[in-house]
1. For the structure I just gave you, tell me whether B:V56 is β-branched (V, I, T) and not in a loop (DSSP other than H, G, I, E, B).
2. Does A:K163 satisfy the criteria of being at negative phi and either buried (at least 21 other Cβ atoms within 10 Å of the Cβ) or more than 9 Å from chain B (Cβ to nearest Cβ) (or both)?
3. Give the residues of region A:2-31 that are within 11 Å of chain B (Cβ to nearest Cβ), loosely packed, with under 10 Cβ neighbours inside 10 Å and at pLDDT 95 or above, sorted by residue number.
4. Could you list, in sequence order, the residues of region A:211-228 that are under 23 Å from A:S66 (Cα atoms) and assigned to a helix (DSSP H, G or I)?
5. Across region B:126-162, what is the number of residues that are in a strand (DSSP E or B) and either over 22 Å from B:I20 (Cα atoms) or among the aromatic types (F, W, Y) (or both)?
6. Go through region B:30-53 and report how many residues are among the aliphatic types (A, V, I, L, M) and either outside the structural domain of B:K122 (by TED's automatic domain parsing) or part of a loop (DSSP other than H, G, I, E, B) (or both).
7. With (1) among the charged types (D, E, K, R); (2) closer than 30 Å to B:L112 by Cβ; (3) part of a helix (DSSP H, G or I) as the list, and B:R379 as the residue in question, which single condition is left unmet?
8. Mind telling me which of the residues B:D304, B:D329 ends up being at positive phi and outside the structural domain of B:Y216 (by TED's automatic domain parsing)?
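The values are calculated or read from the model by the stated rules, or taken from the named source; none is laboratory data. The shown structure was predicted, so the numbers you read here are calculated from the model rather than taken from an experiment. Cβ atoms come from the backbone with ideal geometry, glycine included; neighbour counts cover every protein chain shown.
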Amino acid sequence: MAEGSFADATLRVFRGDKEGGAPADYQVPLVPGMVVLDALHWVQSHQAPDLAVRWNCKAGKCGSCSAEVNGRPRLTCKTRMDALPLNEPITIFPMKAFPVIKDLVTDVSWNFRVNQKIPPFQPRPDTVWKMDQRDVDRVQEFRKCIECFLCQDVCHVLRDHGKQEQFGGPRFFVRTASLEMHPLDGASRARLLKEELGIGLCNITKCCTEVCPEDIHITDNAIIPLKERVVDEFYDPLLMLVRKIRGAKKV
Amino acid sequence: MHEHDVLIIGAGGAGLRAAIEALAQGVRVGVVCKSLLGKAHTVMAEGGIAAAMANVDQSDDWRTHFRDTMRGGKFLNNWRMAQLHAQEAPERVRELEQWGALFDRTENGDILQRAFGGHTFKRLCHVGDRTGLEMIRTLQDRGVHLGIDVYMECTITRLLKDGDRIAGAFGYWREQGRFVVFKAKSVIICTGGIGKAWKITSNSWEYTGDGMALAYDAGADLMDMEFVQFHPTGMVWPPGVQGILVTEAVRGEGGVLRNKDGERFMERYDPKKLELSTRDVVARSIYTEVREGRGTEHGGAFLDISHKPAEYVKRKLPSMYHQFLELADVDITKGPMEVGPTCHYMMGGIRVDAETAQTSIPGLFAAGEAAVGLHGANRLGGNSLSDLLVFGRRAGLAAAEHAKRSEMPAIDSSQIEEAAQQMLAPFERPDGDSPYAIHDDLQGVMQSLVGIFRDEEDLRQALSKLDELRARAARVRVEGSRLFNPGWHLAWDLHSMLTVAEAVTRSALKRRESRGAHSRIDYPGLDDAWGKKHNVVVKKAGAMTLVETPVLEMPDDLKQLLAEDSGAK
């Protein structure tokens, strides 16, 4: 890493609101180890005090500072300036899948509404609170999620097809997986996955897995096993027969 | 205008736990937070929750936890809070598990506990090095499904009163910049700490001391404001990441501190506990090594965990592994980290009753880092997450009970108009300083003059500089519109930061001794007289005034407990 570099970088940042906007260029002096969020802060304090950026921890733990850097969804606090080509402007745009509020800040409230649909953890009756680390490991992967919503941003079902009403998105498959695979959970969320979260719309292109800053194997470890559960629950001929008989008995 | 029985300001661990408890009492609960839900500072807590569950060390019990907490706090703690905390923490952790939290496990399938500085036994229930994330996600989902109304990205700038009692709060929506009034019978402040007044800090932008300033402006007492914790291990290189936390769990898992000569210097400062000494001692030791010329290239110490198997390090400290690899080009399974002290936690805060968390203002409560009492002069690692749960719950319960026996207060419009005018003034000034420049200078003053080591001259100089900064902040100018305008947001946060910075500096000047996190070069030893009293900061006729109050007398059975040996093997 170069010590005390005096070079500048050019940031090309979207400025605007829901009515529209355009990118504006800012020159930023480079500092060793600088991340894109540092550069945005420099712009705020020296050139554009009202530049809207959402951020909290600047340590990759809260998932607030998501944006599209050179066209790729990223956490700006974990994107090093020295990892980007500096001979051309670095473009920084808000997440495309969500409505712009101002500059880099988008309206992500839809995600919170989806989350509310998911039934919470329900311990099985007479639960003994003992768990094996191996069973816990599998679920802890999903619980690493910092809700940066980059997976939602990149998912073409939301980003290109705008199916927010029919589809929950990768984040909420990860969340549902964390509940479904919890060693002590007793609820079933298969109907929710099929009917409300529209898991069938996902055609496993793995774009979500690629952008996850926590390296969660969203597609392989969460979505595919959940799809299998839905198939088992709704399309397994043997189970359908059992259900029919059980249903008949109840009547 | 929104109306609630209980209004909670802040949606970190304390605020959410308070909300869950208040809701369970059958009252209407609203939670206001400056960020999106789930982004509060609790999310950054790494090492664990301290609770004497005795899953790993069977000799542990609340008495030992109580004793460790009091000793770590140099006996300035509120003994009753320390007792309640030690007694109730295990149940609060079990509750989290029953709400879906997934902790690391022992061989027997119980919650695993790890060693931490100042704790006699292995006591910290943890999830790798992301315990805070697990805690906030669990509380957030529990709260949302129980039916809490959450007002996200909303900043409170003033508490409203009806005579002497609390009546609600005034604030603005960060998104659109419109104003909002909340009417409530009880208000709980759970706004966390003040680290953003320092340059090198592990704290997020939210930590601007809002709750303490709100309470102080409304007439409540602040106490022990001189006790600011500098965490021994923050990142020091590269410059962009300076201050980012390196969890104490690195040392808990066996990490060793060395100076540039390769010496394990903690052998000189605390030969018994070494790296797992209390945070005040380790932070001062690193600082001293650097000051005496034995620091690393970038002014820190080496922290090394690479003697442990690489797979173990990646499993127990995953975010540290990634943090150093991605931000500093260091593979911690192969070589040492460079670390140095970073402003981390506020022991001082709003003075509250131990049992109910109520302040001196009827209907106003406070819990978590914003409140004072549990930690005394120095907090032990792991005691903050348990603090949030124990006293968050107690505050929620007491606030709900208070609301049930109270009528809805009245709010006169003059308070609201005044609060609105105060917020709009920075737009109307034709010239004045940028809020960013004032903030930068404030951080410089606190970093260089009110840091780990203090003396009379520095503190006096800091007070006069704070006067100048306050004058500049009164003329701060904001550009742009009210639509999501960070410059405008910061302009108000400056008021909070300057208020707490002054309270810290005045209290530090007054306490002429060194105790816990407060180190005076000119008064290096403990002073028994100061061990019996607290500094209380209160607003009198518009001016910041300090008064002394005695440390609460402990009952004999607890005194006996403290006199006993630690029980450590």
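1. Judged against the criteria, B:V56 is not a match.
2. Against the criterion (at negative phi and either buried (at least 21 other Cβ atoms within 10 Å of the Cβ) or more than 9 Å from chain B (Cβ to nearest Cβ) (or both)), A:K163 qualifies.
3. A:E19
4. Matches in region A:211-228: A:V211, A:I218, A:T219, A:A222, A:I223.
5. The total comes to 7.
6. Of the residues in region B:30-53, 7 are among the aliphatic types (A, V, I, L, M) and either outside the structural domain of B:K122 (by TED's automatic domain parsing) or part of a loop (DSSP other than H, G, I, E, B) (or both).
7. Of (1) among the charged types (D, E, K, R); (2) closer than 30 Å to B:L112 by Cβ; (3) part of a helix (DSSP H, G or I), only one is false for B:R379: (3).
8. Among B:D304, B:D329, only B:D329 is at positive phi and outside the structural domain of B:Y216 (by TED's automatic domain parsing).
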